[in-house]
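Since every read-out is calculated from the coordinates, none of them should be taken as a lab result. Values in this document were obtained by computation on a predicted structure and should not be read as measured data. When we count neighbours, we look across all protein chains shown, and the Cβ atoms used for this are built from the backbone with ideal geometry, even at glycine.
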Amino acid sequence: MVYVILPGFLLALGLSGVQIGAVVTASLLGSAITTILVGIYGHQVAPARLLAMAALLMTATGVAFGFASSFIALLFIGVIGTMNPSAGDVSAFLPLEQAGLSASVTDDQRTAMFALYNLSGALVGSIGALCAAAPLWFVHRQQLSDLFGYRITFIVYTFAGLIVFMIYRRMSVSAQAKPTGNKSVLGDSRRLVFKLAALFSLDSFGGGFAVQSIFALWIYRRFDLSVSTLGVVFFATGVLSAISSLISVRIAKRIGLVRTMVFTHIPASVLLIGVALSPNVWLAVTLFIVRGLLSQMDVPVRTSYVMAVVKPSERAAAASITNVPRSLASALPPIAAGWMLDRSQFAWPLLICATCKIIYDFLLLWQFRHIRPPEEQ
């Protein structure tokens, strides 16, 4: 919900494209910093307690954004909060989730499990996108300002954080149990994981030029699309992304994890180029929705691959090492994207995103096509 209205909220406050990009960057940097802290100290704290702490931070972030007005305050909140300006897999707690879920299933079930994990997230996110315009509809009926409607959305975000906190507080005893305190470290897999982290960082660097909030900013300015229409667009892409998670499992069983990542990712990048070059809003929206069926197919497969090519004892460390650089890499481009959109309505950020992702795909296929997970050997 928030990533749909965030550009409109910041525009209503009078921020420029560069400033909006800076707020997005600050939010992504905040996620990266928290990911680092979880990687360092997470082995000392029960997973359920960490997740509950994240929910409280989410609640505080919603309150702070709901009342903030100055650019500096928004930057500060972005860095220390949990606001996610994208609907993607940028989360400080992915390392804990990925390692824990991998340990709960066999090798043959791992990819399907991550597909269901992403399916649920995509469906809930798409419903949130569809509901994003509801507060604006309400304030228009009451003849109040759009800015007030945006602030109501952040209050809804706050209550969502409280609900999540209560859910985590009621998690099972095993999830509440304190870990052994032995920090997960990489052994023989170190070089392999570092190469994967470098490639994933290139992918995320490109993705940072077209995170949902930046895409929303571009389409707001280029085609003057309303929040309600954009919410429907993101809902449709979210549903297709959810469906694609299940399809990716079948494809991976036929052609392998690496080829599934590459052969679904490249067409998605080509469609993004088509979005950037579209002469009218309906063609741009249509291509963007179709892209939703392909763009996230690699996510459960990628996670499954990382967990498969390392030892079980190395999974938490591998997840942290591959996720932290990704978070940092995606945090840098939004400022540059905002600067570009301040100077031109042409979709340079989208073209840069697609180019980086295509380069990443070819490098991934070249370097890892012969390194197979246990279920493919």
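Of the candidates Pro349, Pro135, Pro85, which one comes out as most mobile in a Gaussian network treatment of the chain with C-alpha springs shorter than 10 Å? Result: Pro135 has the largest fluctuation of those listed.
Compared with the dominant principal axis of the Cα atoms in the chain, helix 146-169 is inclined by about 30°. Here the residues Glu376, Glu314, ranked from fewest to most Cβ neighbours within 10 Å of their Cβ, fall in the order Glu376, Glu314. Of Val156, Val301, Val249, the residue with the greatest mean-square motion in the GNM of the chain, using alpha carbon springs below 10 Å, is Val156. Stretched out straight at 0.36 nm per residue, the stretch from Ile255 to Phe67 would grow longer than its current Cα-Cα span by 62.6 nm. Over the residues of the chain, the helix contribution to mean residue ellipticity at 222 nm works out to -25500 deg cm²/dmol, using -39500 (n - 2.57) for each DSSP H run of at least 4. Pairs of Lys residues in region 2-376 that lie 8 or more places apart, or on two chains, and have C-alpha atoms under 25 angstrom apart add up to 8. Shown for Leu123, Leu74, Leu240, Leu144: other C-beta atoms within 10 Å of each C-beta, ranked fewest to most, produce the order Leu144, Leu123, Leu240, Leu74. Note on the chain: Rg/Rh from C-alpha atoms, Kirkwood Rh, equals 0.95.
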